[in-house]
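Below: one structure, written as structure tokens.
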Amino acid sequence: MASAAAAKANGNGNAHEADESDDDEDEKGATGEGATDGAAKKKRKRKRKPKKAGGAGANPTKQSDPPRVLLSNLFPNGEYPVGQEVDYKDENLYRTTDEEKRALDRMNNDFLQEYRQGAEIHRQVRQWAQKNIKPGQSLTEIAEGIEDGVRALTGHPGLEEGDNIKGGIAFPTGLNLDHIAAHYSPNAGNKTILSKDNVMKVDFGVHINGRIVDSAFTMSFDPMYDNLLEAVKQGTNTGIKEAGIDARMGEIGAAIQETMESYECEISGKTYPIKCIRNLNGHDIRQWQIHGGKSVPIVKSNDQTKMEEGEVFAIETFGSTGNGYVQDDYETSHYAKRADAAKVDLGIGSARKLLNVINKNFGTLPFCRRYLDRLGQEKYLLGLNSLVSHGIVEAYPPLVDKKGSYTAQFEHTIVLRPNVKEVISRGDDY
């Protein structure tokens with residue numbers, strides 16, 4: 001499908017017309033032959049022009065719709081778009097021109113290209129999603145559309161053993177409606193339909209060789225929610241601005257809170273203050289590990305932990321018209337093997353079998369029940385619950401504010417390079 005679209009895009013839809021024009025010329029040249037004896041005109045053998053380079057078999061030059069063209073084919077030199085580069089400030093301003101720091105940065109090129117490749121895949125898939133997600137679609141259809149795009153563009157379908165660990169989907173696609181803030185992905189049989197009154201957080205990740213790009217946005221279909229979305233978007237931008245080498249977590253949280261809580265939102269005639277969801281945080285990211293251990297609060301705190309050179313962070317903020325506090329609710333879909341999981345003698349055979357599947361297909365990357373279904377796993381819930389109860393796998397239930405409230409989220413991944421801060425997932429959209 002992609003190569004057919006590429007052929008059309010490269011201007012080869014006129015090849016058939018060219019062949020027909022050649023035949024017309026041949027017939028014109030043959031009109032006098034055999035005319036004296038009244039015999040039927042002798043048709044010459046059709047001549048075909050050689051196919052020009054750039055036909056159906058050539059590398060495509062632009063992304064398809066839906067996105068299915070392997071991203072590395074669009075960037076054959078292996079150099080991917082650079083994110084938004086922001087100079088450090090104050091006592092770290094020297095890093096911008098310091099030769100030692102610049103040389104150290106150049107040594108990180110492979111690491112950065114993996115991140116930039118993942119970020120460009122995220123941009124292309126999410127921009128397609130933003131144009132194509134509409135009320136009336138099921139959450140399953142939306143999630144699978146995003147996931148199919150990520151798998152195609154990374155070149156990792158994730159069906160062969162170990163393939164998803166090399167690259168592809170970094171964690172389950174979160175489609176969180178209204179008061180549900182995070183960790184909701186449809187399980188098999190889910191019939192939820194997106195409506196025009198919903199506020200939906202779309203949170204998905206891409207990884208190349210375990211370099212995880214974590215970015216999220218919020219969609220709504222009614223302008224009355226615009227202030228809620230704008231408050232959270234600006235809260236995230238404030239967090240990105242304040243983040244940097246030697247930045248203290250508590251001070252970043254204070255700046256985010258000041259920005260976000262300066263907004264209010266009128267919904268159905270009632271005005272609501274926008275509150276930061278105080279028990280949700282940003283976090284550092286390590287290779288194949290979405291939550292590395294450091295947290296980036298989104299409210300003021302006394303946390304004196306500093307960001308350090310070379311670290312990668314997901315700067316994400318959440319705002320709510322409700323309590324500004326979430327708790328577990330609904331059916332769990334998200335799971336991940338704990339990086340510090342101890343070896344345990346599992347008495348249940350299905351648990352041992354499932355752990356083997358998790359180790360070989362996800363490692364410490366989060367997964368959901370749909371992904372196990374896709375691998376052909378059946379009747380695994382007993383084994384999965386056993387792994388959770390033994391502390392080998394962590395369950396991440398949906399996180400919700402009070403019913404009737406609305407929540408929003410925006411998120412970007414930043415890399416604290418030695419000489420500059422790079423907002424790796426920044427795009428024209430947010």
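The values are calculated or read from the model by the stated rules, or taken from the named source; none is laboratory data. The shown structure was predicted, so the numbers you read here are calculated from the model rather than taken from an experiment. Positions of Cβ are generated from backbone atoms using ideal geometry, with glycine treated the same way; all protein chains shown enter the neighbour counts. SASA here: full protein model, heavy atoms, side chains in, ligands and nucleic acids out. Shrake-Rupley method; radii C 1.70, N 1.55, O 1.52, S 1.80 Å.
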Of the conditions (1) of a type outside the set (Asp, Glu); (2) in contact with a helix residue (DSSP H, G or I) (Cβ under 9 Å, 6 or more places away or on another chain); (3) open to solvent by less than 60 Å² (accessible area, probe 1.4 Å); (4) over 25 Å from residue 176 (Cα atoms), residue 395 fails just one. Which one is it? (4)
Is there any pair linking a residue in the range 328-341 that is touching a residue at least 40 places away in the same chain (Cβ under 8 Å) and of a type in the set (Gly, Ala, Ser) to one that is part of a strand (DSSP E or B) and surrounded by fewer than 13 Cβ atoms within 10 Å (Cβ to Cβ), with Cβ under 9 Å and at least six apart or on different chains, and which? none
Among 382, 372, 346, which is the only one that is assigned to a helix (DSSP H, G or I), open to solvent by less than 40 Å² (accessible area, probe 1.4 Å) and out of contact with any strand residue (DSSP E or B) (no Cβ under 8 Å at 6 or more places or on another chain)? 372
Given 77, 73, which one is in a loop (DSSP other than H, G, I, E, B) and out of contact with any helix residue (DSSP H, G or I) (no Cβ under 7 Å at 6 or more places or on another chain)? 77
Within the range 181-213, how many residues are among the charged types (D, E, K, R) and within 22 Å of residue 330 (Cβ to Cβ)? 4
Identity of the residue in the range 204-234, acidic (Asp, Glu) and out of contact with any Lys or Arg (no Cβ under 8 Å at 6 or more places or on another chain), that ends up surrounded by the fewest Cβ atoms within 10 Å (Cβ to Cβ): 226
Residue check for residue 135: in contact with a helix residue (DSSP H, G or I) (Cβ under 6 Å, 6 or more places away or on another chain), surrounded by fewer than 16 Cβ atoms within 10 Å (Cβ to Cβ) and either at negative phi or outside any loop (DSSP other than H, G, I, E, B) (or both): no
If we keep only residues of the range 188-203 that are over 17 Å from residue 126 (Cβ atoms) and charged (D, E, K, R), then the residue surrounded by the most Cβ atoms within 10 Å (Cβ to Cβ) is 197
Quick check, is residue 364 open to solvent by less than 10 Å² (accessible area, probe 1.4 Å) and out of contact with any helix residue (DSSP H, G or I) (no Cβ under 6 Å at 6 or more places or on another chain)? no
I'm trying to understand the selection: among the residues of the range 234-259, which are in contact with a Phe, Trp or Tyr (Cβ under 9 Å, 6 or more places away or on another chain) and under 21 Å from residue 405 (Cα atoms)? 234, 235, 236
Could you list, in sequence order, all residues of the range 328-349 that are farther than 17 Å from residue 288 by Cα and modelled with pLDDT of 95 or more? 328, 329, 330, 331, 332, 333
Residue list for the range 171-193, restricted to those being in a loop (DSSP other than H, G, I, E, B), more than 22 Å from residue 277 (Cα to Cα) and not small (Gly, Ala, Ser): 186, 187, 190, 191, 192
Are there any pairs, at least 6 apart or on different chains, whose C-beta atoms fall under 9 Å, with the first in the range 149-171 and aliphatic (A, V, I, L, M) and the second modelled with pLDDT under 95 and open to solvent by less than 40 Å² (accessible area, probe 1.4 Å), and if so, which? 152/2
